[in-house]
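Here, each number is a calculation from the coordinates, and none is a lab measurement. As the structure is a prediction and not an experimental result, all values here were calculated from the model. As a convention, Cβ positions derive from the backbone with ideal geometry for all residues, glycine included, and neighbour counts pool all protein chains shown.
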Amino acid sequence: MKNGALSSQFPYVGLVNGFASTDDNLRAGSTNYAYIAATSGVPAGSSAEAVPNAYSQATGTTKDAESAVWTLDESDPSHIVLTPTWINTDGSAATTQIVYSPGADALALVGDYSLAALSSNRATPRHPSVETASPQTAKT
């Protein structure tokens, strides 16, 4: 998905690994999460890479990012679905939930809402359960 506001620096709206995440994997049993943020390009189906992104620029903390994460399902015109897919370091697509963190005033993806580091900020799920699409359907 292209980013209009910061397109010259970070042309994609992607996912950036959270500051409290311990690695680049989202999974059950993990406190890791990823923010929705502006990023540079990462090939579809790839796990997170150290590329320039808006989060790292704003905080001075280098965090890995993924950009080709969005799948648009328009098969039902009355229910169009935009789904993010995070690719773990083993190449698997993570099963995730989208949450809102009031403390960070940001949307994020988590693999385990009950353990996510964002839950201390009273993050709330925005979708009951987001099943990820296969990596091959992700497009830049």
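Things worth noting here:
- Under Karplus coefficients 6.51, -1.76 and 1.60, residue-wise ³J(HN,Hα) of the range 51-58 in Hz, glycine/proline x: 10, x, 8, 5, 4, 4, 5, 6
- Entry note, the range 12-128: relative contact order of 29 percent, from Cα contacts under 8 Å with a spacing of 6+ residues.
- Sites Tyr100 and Ser8 - FRET efficiency at Förster radius 25 Å, r taken between beta-carbons, to 0.05: 0.35
- As a ratio to 2.2 N^0.38 Å, the alpha-carbon radius of gyration computed for the range 4-103 takes the value 1.08.
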